[in-house]
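Chemist: Questions regarding the structure given below will be posed in turn.
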Amino acid sequence: MAQEYRQILKYVDQPGYTPDIDCYLRNGGYEVLKRVVALPPKTLPNGQTLSGPEQLRQEVMASGLRGRGGAGFSCGLKWSFVDRKSGKPIYLICNADESEPGTFKDKQILYKDPHQMIEGMIIACYANDVHLAYIYIRGEFAEGAKILNRALKDARAKNFLGKNILGCGYDLEIHVHRGAGAYICGEETGLIESLEGKRAYPRIKPPYFPAVLGLYLCPTIVNNVETLCAVRHIAALGGAQYAKLGTPNNTGTRIVSISGHVRKPGYYEVEVGKATIGELINDPIFGGGLREGRKLKAVIPGGSSSKVFKAGERFKLKRRGLDGKETEQEVDMLDLPYDFDSLIAAGSMSGSGAIIVLDDSTDIVAVLANMSEFYAHESCGQCTPCREGSLWMAKVLHRLTQGEGRKGDAEYLARIADNIPGGRTVCAFGEACSWPVQSFVAKFKEEFVARGAADEEHRAQQGTGPAAKRELAASPQG
Amino acid sequence: MSEIHSMEPIPNPLREQPDFAVPPDIAAEIDELITHYPKKRSASLMLLHAVQERFGYVSRQAVEWIAAKLELQPINVYELVTFYPMFHRAPLGKYHFKICRTLSCALGGSYKLHEHFCTKLGLDPHAHGAQTTKDGKFTVEFVECLAACGTAPVMMCNDAFHEDVSEQRADEILGGCK
């Protein structure tokens, strides 16, 4: 039976818990930081000596923590790519640009427990010898930026930030930088460009990691809000202990945002892989199931960019049994453990941890049209396949929802979508805008074809003029 | 060598604000913001926010002032104003309603909510982009995901989030705008 495991959200939404520093301190806040900066050097059996920061980096590596922003890349590995010998300053940026449709977990932390993230950030900075760091927060979180500025001021006043932190000789300054409504700023190199005061055009790769060349062409670490909170817990527990949470290669806890057609949309923190998609949707302690009389139609498992799962879809998964042997099992989509690896094995991804549930009242064509409009709006415009392709797909889908579709539109859409990703664009937005189209059109092809065919037939009978328009889904009350 | 003729200046697409002057409190805030970055140019988004918060939009004079302040060319600032959706080139209404259009909110009824506001305020629910009422009091805009998908439909009135917004709640929000 899957359970919630509130580690990062431990105090969030608790009655009486406030985002101010006194409340955080009353609940053990900054105790981990105090321990971390006092870590003595450790001598290994081979005579090598590890400094405190080096030990921390090892703990994060041992924890197996994977980034919570979307890509699920190993945090320890990301840190290990940092060029520490360049002589240039190393920067750290907290990515608080939360903007993947369906995701609303970082907002809870930023607004309700900002010091937890700041403590995690200070620890991450200390571990990586960073002296200047930024929180890149999305522009719409104006209130959040104020909360963070206040929190940073209070942390400075208590000497958790600033010069000679807690007397350990380490200096760190953190500033809040506000975005201005562009989704592409979530892409780490786009974010860096934006922080440099430019348009958020993602940078060409290689170098693949800003850890080599990032902000001001210096080594830079970009970590998500939730990832930095996890760092605090790793520093508190130790990497090995943290790795006991969750499942192998999918360690720790993760906050899942559930929205769409469920009775109890919300954010739920679970051990990674300990709950299945079905449990997260249907269990009374999580999503609470679908509305009365409705059946499941599809699930978008990891933010709107992830490939859709159709109800009833089955996947073959390799599983390691207690005897250590690997066996192949066929599982229903709902029985997939909600972790990084299982969802990749099933051809999608857990992305930013956002599940959007669609019931049988949903017009799948209208859903994809809605999503495509988002991508057409948010493409930064730098690469032609993405800029033109995303708009083109949105236009075709728009005509399909306005009764002006064509029978061949399904294949037409698939062809456009197939020609955007795969190295034709500078960043993964090309993939992000094509994956929904590719998966929706492939898995619900009959609906797209039928819609186009019906529109054509209508035009043949009535002359020109659109066929009837349709609702996106049954109204929330319906 | 052919003679080079002077061309007609390209009309500046930014609004004029001849009386633009940065009040001392904003100037002090801006000076402080610039110190946050090792390179001045980095402060441009923060400066645009600071100026827009005070004047409600970004004018030609504002762009030129920010550029001078950061030792940039005006185009370096202007290209930000046209790229980032949150910056406006004309004043908006006193109350700016941003209604989330993206999927989870759409499933939760945001199209109806948007239409409700437009109908109440005499605006076109099918028009593209932000629309402002003639009296300059309200602006209604459909925006992309506001990161509060669990409480759809979601909207903002200026900087304040409103979640689970029913039509009744929408009317209360409207009623609260004096």
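Chemist: In straight Cα distance, which lysines are under 19 Å from B:Lys94, not counting same-chain residues fewer than 8 positions off?
Modeler: List returned: B:Lys120, B:Lys134, B:Lys137, B:Lys178.
Chemist: Do the sum for the protein assembly as shown: with -39,500 (n - 2.57) for every DSSP H run of n ≥ 4, divided by all residues, what is the mean residue ellipticity at 222 nm, to the nearest 500 deg cm²/dmol?
Modeler: Mean residue ellipticity at 222 nm (helix-derived): -11500 deg cm²/dmol.
Chemist: Still on this model: Can you list the residues of the stretch B:147-162 that have at least 30 square angstrom less accessible area with all protein chains present than in their chain by itself, probe 1.4 Å?
Modeler: In the stretch B:147-162, residues shielded by partner chains: B:Ala147, B:Cys149, B:Gly150, B:Asp159, B:Phe161.
Chemist: What percentages make up the Cα-Cα pair-distance distribution of chain B when the bins are 5 Å wide from 0?
Modeler: Pairs per bin, as whole percents: 1, 7, 15, 16, 15, 13, 12, 10, 6, 2, 1, 1, 1, 0, 0.
Chemist: Related question: Above 31 angstrom, tally the Cα pairs of chain A and express them as a % of all pairs, no decimals.
Modeler: 46
Chemist: Determine the percent antiparallel among the DSSP beta bridges restricted to the protein assembly as shown, to the nearest 5.
Modeler: 55
Chemist: Let me ask another. Any idea of the accessible area per residue across the stretch B:95-175, 1.4 Å probe, to the nearest Å²?
Modeler: 40
Chemist: What dipole magnitude, in Debye to the nearest 20, does the stretch A:364-462 give about its Cα centre under +1 on Lys/Arg Cβ and -1 on Asp/Glu Cβ?
Modeler: The calculated dipole for the stretch A:364-462 is roughly 120 debye.
Chemist: How crowded by other chains is A:139-151, given as the mean number of beta carbons from other chains within 10 Å of each beta carbon?
Modeler: Mean partner shielding for this stretch: 3.
Chemist: Counting only heavy atoms of the protein chains, get the accessible area per residue of the stretch A:21-242 (1.4 Å probe) and round it to a whole Å² value.
Modeler: With all protein chains present, the stretch A:21-242 gives 34 Å² per residue.
Chemist: To continue, here is another question. For the stretch B:13-62, state which residues have at least 30 Å² less accessible area in the presence of all protein chains than in their chain by itself, taking the probe as 1.4 Å and leaving out ligands, DNA and RNA.
Modeler: B:His36, B:Tyr37, B:Pro38, B:Lys39, B:Arg41, B:Ser42, B:Leu45, B:Met46, B:His49
Chemist: Which shape class applies to the stretch B:95-175: rounded if a/c is under 1.5, otherwise prolate when a/b exceeds b/c and oblate if not, where a ≥ b ≥ c are the square roots of the Cα gyration tensor eigenvalues?
Modeler: prolate
Chemist: So, counting K/R as plus one and D/E as minus one, what does the shell of residues with Cβ under 12 Å around B:Arg54 add up to?
Modeler: Local charge sum for B:Arg54: -3.
Chemist: Continuing with the same structure: Percent of accessible area on the protein assembly as shown owned by carbon and sulfur, 1.4 Å probe?
Modeler: About 53 percent, which is the carbon plus sulfur part of the accessible surface.
Chemist: Next question, about the same structure. In debye, nearest 20, what is the charge dipole magnitude of the stretch B:24-83 about its Cα centre with +1 on Lys and Arg Cβ and -1 on Asp and Glu Cβ, if you could check?
Modeler: Roughly 200 debye for the stretch B:24-83.
Chemist: Additional query: What is the average number of partner chain Cβ atoms found within 10 Å of a Cβ in A:221-232?
Modeler: Mean shielding count: 0.
Chemist: With Cβ to Cβ distances under 12 Å as the rule, what net charge do the other residues near A:Glu313 carry (K, R +1; D, E -1)?
Modeler: Every neighbour counted, the sum reads +3.
Chemist: While we're on this one: In the structure displayed, which of A:Lys34/A:Lys105; A:Lys78/A:Lys443; A:Lys10/B:Lys40 lie more than 30 Å apart, Cα to Cα?
Modeler: Violating the 30 Å Cα-Cα cut-off are A:Lys78/A:Lys443; A:Lys10/B:Lys40.
Chemist: Which pairs break 30 Å Cα to Cα here: A:Lys153/B:Lys39; A:Lys85/A:Lys158; A:Lys274/A:Lys297; A:Lys264/B:Lys112?
Modeler: A:Lys85/A:Lys158
Chemist: Please report the projected area of the stretch A:41-191's Cα convex hull averaged over all directions, in nm².
Modeler: Averaged projected area of the stretch A:41-191's Cα convex hull equals 10.0 nm².
Chemist: Please list A:247-254, B:118-125, B:48-55 highest first by mean number of surrounding beta-carbon atoms within 10 Å per residue.
Modeler: Result, highest mean first: A:247-254, B:48-55, B:118-125.
Chemist: Give me the accessible area per residue for the stretch A:246-359, probe 1.4 Å, as a whole number in Å².
Modeler: 38
Chemist: With all protein chains present and a 1.4 Å probe, how do A:His261, B:His36 order by accessible area, largest first?
Modeler: Descending order: B:His36, A:His261.
Chemist: Any idea which of B:Leu47, B:Gly93, B:Tyr57 is furthest toward the positive side of the dipole for the stretch B:41-99, if Lys and Arg beta-carbons carry +1 and Asp and Glu beta-carbons -1?
Modeler: Result: B:Gly93, furthest along the dipole toward the positive end.
Chemist: Enter the mean number of other protein chain beta carbons within 10 Å of the beta carbon of each residue in A:358-370, as an integer.
Modeler: Partner-chain Cβ atoms within 10 Å, mean over residues of A:358-370: 2.
Chemist: If you don't mind, another one. Among all the aspartates and glutamates, which ones have a C-alpha under 12 Å from A:Lys295's C-alpha, if same-chain residues fewer than 8 places away are not counted?
Modeler: List returned: A:Asp359, A:Asp360.
Chemist: With the dipole of the protein assembly as shown worked out from charges on the C-beta (+1 for Lys and Arg, -1 for Asp and Glu) around the Cα centre, which of A:Ala450, A:Asn370, A:Gly273 lies farthest toward the positive end?
Modeler: It is A:Gly273.
Chemist: Report the B-A buried area as the accessible area lost on both sides summed, probe 1.4 Å, in Å² to the nearest 100.
Modeler: 4000
Chemist: Count charges around A:Pro284 for me, please; just the other residues with Cβ under 15 Å from its Cβ, Lys/Arg as +1, Asp/Glu as -1.
Modeler: Once all neighbours under 15 Å are counted, the net charge is -1.
Chemist: Just to confirm my numbers, what's the Cα centroid distance between the stretch B:146-162 and the stretch A:315-378 in Å?
Modeler: Centre-to-centre (Cα) distance: 27 Å.
Chemist: Along its three principal axes, how long is the stretch A:246-359 when you only count alpha carbons? Whole Å, largest extent first please.
Modeler: Extents along the principal axes: 42, 27, 26 Å.
Chemist: When only Cα pairs under 8 Å and 6 or more residues apart are kept, what is the percent relative contact order across the stretch A:1-153?
Modeler: Reported relative contact order: 28 percent.
The values are calculated or read from the model by the stated rules, or taken from the named source; none is laboratory data. Note that the structure is a prediction, hence the values are computed from the model and not measured. Because the Cβ atoms are built from the backbone with ideal geometry, glycine has one as well, and the counts that use them run over all protein chains shown. What goes into the accessible areas is simple: the full protein's heavy atoms, side chains included, and nothing from ligands, DNA or RNA. Shrake-Rupley method; radii C 1.70, N 1.55, O 1.52, S 1.80 Å.
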